[in-house]
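Comments concern the structure below.
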Amino acid sequence: MQKYLEVGQIVNTFGVKGFVKVKPFTDDVKRFEELKTVYICKKAEMKEVQIEEVKYHKDMVLLKIKGIEDLTEAEKYKGLYLKIDRKDAKKLPEGTYFIADLIGLDVYSDDEKYLGKVDDIFPAGSRDVYVVKDELGKQLLLPGIPDVIKKIDLEKEKIVVHLLEGLID
């Protein structure tokens, strides 16, 4: 499991006082109010910074980060990702998982056929869609519904799915 979890991406600046606009990667955007620090990631380098203020604008989070005092300084952080230490993550309800823990897991059908690895997961309406990629790069899109996703075993790094008619050719 990853030690750090991505919680958002700095997509722009906001105003002239050094606020950065963050696209949140969390279901609960109010979560940012509970954070005292985050890590700004640039390639393999991580820099811990303190959050001074949190605001909201539409579906974005606006952060005032200590040391970023103006628009020019804030511009330097556009495109960078924000992470938190796993120990600072919220406890998830039973049967829910961090996407970072599912990426890379092996996916098998309920008749033990290997389908590939989880390459991505993205929201689509009320459910997520799991993108499974095989060794040849062929993608299979699976809806994250109980009829399809039968078992997730993080210890064995394995997901078992039931292929409904029409999901695979």
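Every read-out reported here was derived from the displayed coordinates using simple, explicitly stated rules and does not represent laboratory data. Bear in mind the structure is a predicted one, so any value in this text is a computation, not a measurement. Quick reminder, even Gly has a Cβ in these numbers, built from the backbone with ideal geometry, and neighbours come from all protein chains shown.
Sequentially through segment 90-95, phi angles give Karplus couplings (6.51, -1.76, 1.60; θ = phi - 60°) of 6, 5, 8, x, 3, x Hz, Gly and Pro residues having no value and appearing as x. Comparing THR37, THR13, THR96 in a Gaussian network model of the chain, where Cα atoms under 10 Å apart are tied by springs, the biggest mean-square fluctuation is seen for THR96.
Using the Cβ of GLY15 as centre and a radius below 11 Å, the other residues enclosed give a net charge of +3, where K and R count +1 and D and E count -1. Contact order, relative form, for the chain: 19 percent (alpha carbon pairs under 8 Å, 6 or more residues apart, mean separation divided by residue count).
How much mean residue ellipticity at 222 nm does the chain get from its helices, if each DSSP H run of length 4 or more adds -39500 (n - 2.57) and you divide by all residues, to the nearest 500 deg cm²/dmol? The partial results should precede the final answer.
Working: 2 runs with 9 residues, N = 169.
Rounded to the nearest 500, the figure is -1000 deg cm²/dmol.
Once both labels are positioned 7 Å from their Cα atoms along Cα-to-Cβ, the gap between LYS90 and MET46 label points is 2.1 nm. Amide H contacts of LYS150: VAL160, VAL161, HIS162, each under 5 Å away and 5 or more positions distant or on a separate chain (H built 1.01 Å from N in the peptide plane; Pro and chain starts excluded). Near GLU53: Cβ cut-off under 11 Å, other residues only, Lys/Arg at +1 and Asp/Glu at -1. The net charge is +2.
Fully extending the segment from ALA124 to TYR56, taken as 0.36 nm per residue of separation minus the present Cα-Cα distance, adds 22.2 nm. Computed extension gain for LYS17 through ASP134, at 0.36 nm per residue and net of the alpha carbon distance, reaches 37.4 nm.
Using a ≥ b ≥ c from the Cα gyration tensor of the chain (square roots of the eigenvalues), is it rounded, prolate or oblate, where a/c under 1.5 gives rounded and otherwise the larger of a/b and b/c decides, a/b for prolate? Don't skip to the end; give the middle numbers.
Working: a/c = 2.44, a/b = 2.36, b/c = 1.03.
Verdict is prolate for the chain.
In order along segment 133-139, the Karplus-derived 3J(HN,Hα) couplings, from 6.51 cos²θ - 1.76 cosθ + 1.60 at θ = phi - 60°, round to 10, 8, 4, 8, x, 6, 9 Hz, and Gly and Pro are given as x. On full extension, the segment bounded by VAL148 and GLU33 gains 37.9 nm, given 0.36 nm per residue less the C-alpha separation.
Once backbone amide H atoms are built at 1.01 Å from N, ASN12 has LYS21, GLY79 as its partners under 5 Å, excluding neighbours fewer than 5 places away on the same chain. The charge dipole of the chain, taken about the Cα centre with unit charges on the Cβ atoms of Lys, Arg (+1) and Asp, Glu (-1), comes to about 780 debye, rounded to the nearest 20.
When the pairs LYS17/LYS58; LYS3/LYS117; LYS47/LYS133; LYS133/LYS156; LYS90/LYS158; LYS17/LYS90 are compared against a 27 Å limit on Cα-Cα distance, LYS47/LYS133; LYS17/LYS90 fall above it.
Classify segment 99-161 as rounded, prolate or oblate from the Cα gyration tensor: take a ≥ b ≥ c as the square roots of its eigenvalues, call it rounded if a/c is under 1.5, otherwise prolate when a/b beats b/c and oblate if not.
Details: a/c = 1.34, a/b = 1.17, b/c = 1.14.
Rounded is the answer for segment 99-161, as its axis ratio a/c remains below 1.5.
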